[in-house]
Amino acid sequence: MERLTTDDEFREDRRQVDALGRKAIEEAARIRRIAPLLPRFLEDARLPIDNNHDEQQIRPWATGRKNWLFAGTLAAGRRAAVITSLIQSAKLNGHDPYAYLTDVLERLPTQRIGDIGQLLPHRWKLAG
């Protein structure tokens with residue numbers, strides 16, 4: 001059976017926590033959480049040490065989210081979000097956004113409904 005702490009022991013523990021500060025405790029908890037991952041990072045040089053690349057990839061969406069607040073109307077904000085998502089998805093799939101949008105907008109009026117999915121960035125192939 002675990003021994004209960006006395007009030008004096010509790011106060012002393014509390015003083016120690018206050019002395020260390022919340023930041024130091026949070027940092028220690030973070031290090032304890034990631035410590036098991038470090039050997040994997042050291043064994044495989046392909047693993048990046050940071051996530052800067054990923055953050056750069058999502059930055060346009062974060063910026064757009066702020067800009068869409070000032071689009072004028074809800075419908076205009078939704079249209080801006082759709083266009084930005086198409087452009088960023090085209091970039092992520094290795095396409096030139098201008099060529100992608102030009103081709104899609106030319107083919108869209110004549111595309112069969114069942115084949116619309118072929119115009120999505122992850123399936124798109126330049127016509128011709």
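Any chance you could count how many residues in segment 38-57 are more than 30 Å from Gln118 (Cβ to Cβ) and in a helix (DSSP H, G or I)? Going through segment 38-57 one residue at a time, the tally reaches 8. Taking first residues from segment 45-59 that are within 26 Å of Ser85 (Cβ to Cβ) and modelled with pLDDT of 80 or more and partners that are of a type in the set (S, T, N, Q) and outside any helix (DSSP H, G or I), no Cβ contact under 6 Å between residues at least 6 apart in sequence or on separate chains turns up.
Looking for something in a loop (DSSP other than H, G, I, E, B) and either farther than 16 Å from Leu92 by Cα or not assigned by TED's automatic domain parsing to the domain that holds Asn93 (or both) - is there at least one such residue anywhere in segment 58-71?
Going residue by residue through segment 58-71, those that are in a loop (DSSP other than H, G, I, E, B) are 71.
Going one step further and asking which of them are either farther than 16 Å from Leu92 by Cα or not assigned by TED's automatic domain parsing to the domain that holds Asn93 (or both), we end up with 71.
Yes.
Looking at segment 113-128 only, could you name the residues that are within 13 Å of Ser89 (Cβ to Cβ) and either in a loop (DSSP other than H, G, I, E, B) or at pLDDT below 90 (or both)? Scanning segment 113-128 gives Leu120, Pro121, His122, Arg123, Trp124. Just checking, does segment 14-21 include any residue being modelled with pLDDT of 80 or more and of a type in the set (A, V, I, L, M)? For segment 14-21, residues modelled with pLDDT of 80 or more and of a type in the set (A, V, I, L, M): absent.
Thr110 meets all of the listed conditions (1) at pLDDT 90 or above; (2) surrounded by 10 or more Cβ atoms within 10 Å (Cβ to Cβ); (3) more than 17 Å from the chain's Cα centre (by Cα) but one, namely (2).
The values are calculated or read from the model by the stated rules, or taken from the named source; none is laboratory data. Every value quoted in this text rests on a predicted model; they were computed, and no experiment measured them. Please note: Cβ atoms are built from the backbone with ideal geometry, for glycine as well, and neighbour counts cover all protein chains shown.
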